[in-house]
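J.: Input: one structure, supplied below.
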Amino acid sequence: MSYQHLTLINAQDEVQRLSTNWQTLLDAVPEMVFLLRDDGEIQYANRSAKAYFGEPCPQSVCETLQEACKNCREILSSPTASRADSTVSEAIIDSMQVEYSSAPFVGYAGETLIMLIMRDITQRKNYERELLQFNTSIETILEQKIGELQASEETRVRLSRQVNSLKSQLGHYHKADKMVGRSRKMRELREMIHQVSTSDATILITGESGTGKELVANLVKATSPRDDKPFLKINCNAINDSLLEADLFGYEKGAFTGAQNRKIGKFEVVDGGTIFLDEIGDISPRMQVALLRVLQNGEIIRVGGTEPVRINVRVIAATNVDLTQAVKEKRFRLDLYYRLNIINIDIPPLRERKEDIVELVSHFVNHYRDAFKKEIDFVPKSTINRLLAHDWPGNVRELENLIQRAVLMAKGKMITESDLIFDQDPNLSAQQSDSFNIDDRLGAHTLKSILADFEAAIIQRALHKYSGNVSTAANHLKIGKTALYDKIKQHGISAKTIKHSNKHG
């Protein structure tokens with residue numbers, strides 16, 4: 001074998017070795033590598049390229065590669081470009097987003113090829129779009145909020161107040177709070193309770209019958225520093241005046257028949273704690289003097305005793321009587337009124353916070369369906385509208401009684417309008433208050449009978465207005481208490497029933 005022939009064989013082997021080496025090297029890289037001829041035909045594709053696009057490449061891929069090859073030729077043939085120049089471009093190949101760089105490449109036969117090194121950037125582009133969308137959203141929201149704040153200083157102040165109000169409500173939550181309702185008036189009521197409960201000042205709770213004065217007293221005590229001390233509730237209207245005095249202040253041995261031993265009263269029992277005096281507007285003048293001594297001097301005198309006893313009791317009083325009017329009519333001491341009214345918590349009637357009715361209805365329905373083992377789960381809008389239209393003279397207590405009856409009487413799983421039995425029809429009540437129907441009685445009843453019915457109607461209206469309190473009704477009717485009792489008995493009216501329906505204001 002000649003030397004020239006041997007050299008040729010060695011050269012061919014070297015070319016084969018180099019070819020195998022660079023193909024092995026290109027197959028190892030993760031990028032897709034193509035060698036393209038001038039016409040865009042694929043001369044070589046590495047393993048990654050074949051894995052992405054298949055072998056052979058689809059016609060659509062070849063056409064895109066041909067276009068890319070053409071662009072690369074133009075860039076590389078530019079007078080300002082050097083042979084080391086490489087450009088990075090982006091393209092979509094077979095729905096895949098890629099970026100590629102190009103470089104001239106000389107084949108074995110001396111032909112000029114283009115090498116494309118390509119990377120899949122689909123995921124990166126998705127991330128970029130998501131980030132752009134997120135940034136755009138954030139910028140839009142910020143611009144909108146800034147625009148709103150800049151639009152009006154009044155708006156900014158209102159938002160600030162709302163935030164403070166919400167913080168206040170969250171801070172005022174207490175497990176002892178059994179009041180239902182989130183209306184503005186109820187929020188203001190809770191705020192005031194938490195504001196004044198930390199002091200030892202006497203509190204007077206006022207409001208119509210049925211508004212929940214006892215619930216307010218409970219919350220005042222529960223949020224006060226005396227929460228862990230004794231708490232007693234006394235209904236001043238439910239106990240005889242003389243018995244009430246002995247019950248509250250105690251008595252000495254021999255103070256009256258049957259007083260065989262000294263007995264301490266409720267004020268001494270609750271020393272250090274809180275006492276709730278409900279219906280304070282109905283106590284006698286004698287009791288008013290004794291209570292004034294407690295509030296003024298912090299001391300009591302037992303019935304039949306002469307020595308004062310020091311006590312430390314916080315007094316919470318409640319009434320549905322207009323004490324200012326009672327003072328004008330000389331039925332209540334002005335000095336006691338001032339002592340009681342250091343802090344006044346006035347509870348709004350239900351008709352002034354009707355936005356709470358839906359929440360109250362839900363609360364009472366849940367309570368009484370469990371109590372009566374009923375499956376009530378729906379209150380239609382027509383029923384709610386009927387409740388919203390009512391004036392609620394009996395306030396929350398009237399609503400509770402009505403829902404209690406409705407749950408008990410409901411035949412299905414919802415409360416209908418036919419299940420609503422109001423204590424007193426407002427339309428009928430208005431007619432009765434405006435006029436006494438004389439025409440229907442003329443010719444059918446005697447004058448004496450008509451006058452008797454008229455008198456009975458007036459007495460009933462007075463007793464309902466003053467929660468069954470005969471003494472108060474007698475004062476307003478300008479008639480003696482005994483004479484009114486006689487007329488009540490004569491007309492068959494039950495003051496006790498009326499009082500029971502308005503119990504626990």
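The values are calculated or read from the model by the stated rules, or taken from the named source; none is laboratory data. Just so it is clear, the model here is predicted, and its values are computed rather than measured. All Cβ positions, glycine included, derive from the backbone under ideal geometry; neighbour counts span all protein chains shown. In case anyone asks, the SASA skips ligands and DNA or RNA and just uses the protein heavy atoms, side chains included. Shrake-Rupley method; radii C 1.70, N 1.55, O 1.52, S 1.80 Å.
J.: On a full-extension model of 0.36 nm per residue, what is the gain between Leu132 and Asp486, subtracting their alpha-carbon distance, rounded to one decimal in nm?
T.: Value of the extension gain: 118.6 nm.
J.: Roll a 1.4 Å probe over the protein chains and send me the accessible area per residue for the range 271-339 in Å².
T.: Value for the range 271-339: 44 Å² per residue.
J.: Enumerate by residue number the trypsin sites (Lys or Arg not before Pro) in the range 242-317 meeting two conditions: DSSP loop (anything except H, G, I, E, B), and at most 14 other Cβ atoms within 10 Å of the site's Cβ. Each step should come with its number before you reach the end.
T.: Working: sites: Lys253, Arg262, Lys263, Lys266, Arg286, Arg293, Arg302, Arg310, Arg314; in loops: Lys253, Arg262, Arg302.
Taking the range 242-317 and a limit of 14 other Cβ atoms within 10 Å, the loop trypsin sites (Lys or Arg not before Pro) found are Lys253, Arg262.
J.: Oh, and also: What do you get for chymotrypsin sites (Phe, Trp or Tyr not before Pro) in the range 178-266 restricted to DSSP loop and a cutoff of at most 16 other Cβ within 10 Å of the site's Cβ?
T.: Phe256
J.: Using a cut-off of under 14 Å, list every residue of the range 457-476 whose amide N is near the label point 7 Å from the Cα of Glu329 along the Cα-to-beta-carbon line.
T.: 462-476
J.: As a quick test, which of the pairs Lys50/Lys125; Lys266/Lys330; Lys448/Lys499 have an alpha carbon distance above 25 angstrom in this structure?
T.: Beyond 25 Å: Lys266/Lys330; Lys448/Lys499.
J.: Tell me the carbon and sulfur percent of the accessible area for the range 208-344, rounded to whole percent, probe radius 1.4 Å.
T.: Carbon and sulfur: 48 percent of the exposed surface of the range 208-344.
J.: Still on this structure: Would you kindly find the accessible area of Ser89, with a 1.4 Å probe and non-protein molecules such as ligands, DNA and RNA excluded, rounding to the nearest 10 Å²?
T.: The accessible area comes out at roughly 30 Å².
J.: Kindly report the accessible area of the range 200-250 per residue (heavy atoms of protein chains, probe 1.4 Å, no ligands, DNA or RNA), in Å².
T.: 36 Å²
J.: To continue, here is another question. Whenever you get a sec, line up Thr206, Thr198 from highest to lowest accessible area (probe 1.4 Å, protein heavy atoms).
T.: Values: Thr206 25, Thr198 90 Å².
Result, largest first: Thr198, Thr206.
J.: Starting from the Cα of Gln43, step 7 Å toward the Cβ, then list every residue of the range 87-103 with an amide N under 14 Å from that point.
T.: 103
J.: Same structure, new question: Give, in nm to one decimal, the length gained when the segment between Asp200 and Ser362 is fully stretched (0.36 nm per residue of separation minus the Cα-Cα distance).
T.: Contour length minus the Cα-Cα distance gives 54.7 nm.
J.: Continuing with the same structure: Can you tell me how much longer the chain between Val269 and Lys411 gets when fully stretched, taken as 0.36 nm per residue apart minus their C-alpha distance, in nm with one decimal?
T.: Stretched out fully, the Val269 to Lys411 stretch lengthens by 46.2 nm.
J.: For the range 322-377, which chymotrypsin sites (Phe, Trp or Tyr not before Pro) are both in a DSSP coil and crowded by at most 11 other Cβ atoms within 10 Å?
T.: On the way: sites: Phe332, Tyr337, Tyr338, Phe364, Tyr368, Phe372; in loops: Phe332, Phe372.
Of the chymotrypsin sites (Phe, Trp or Tyr not before Pro), not one in the loops of the range 322-377 has a Cβ with at most 11 other Cβ atoms within 10 Å.
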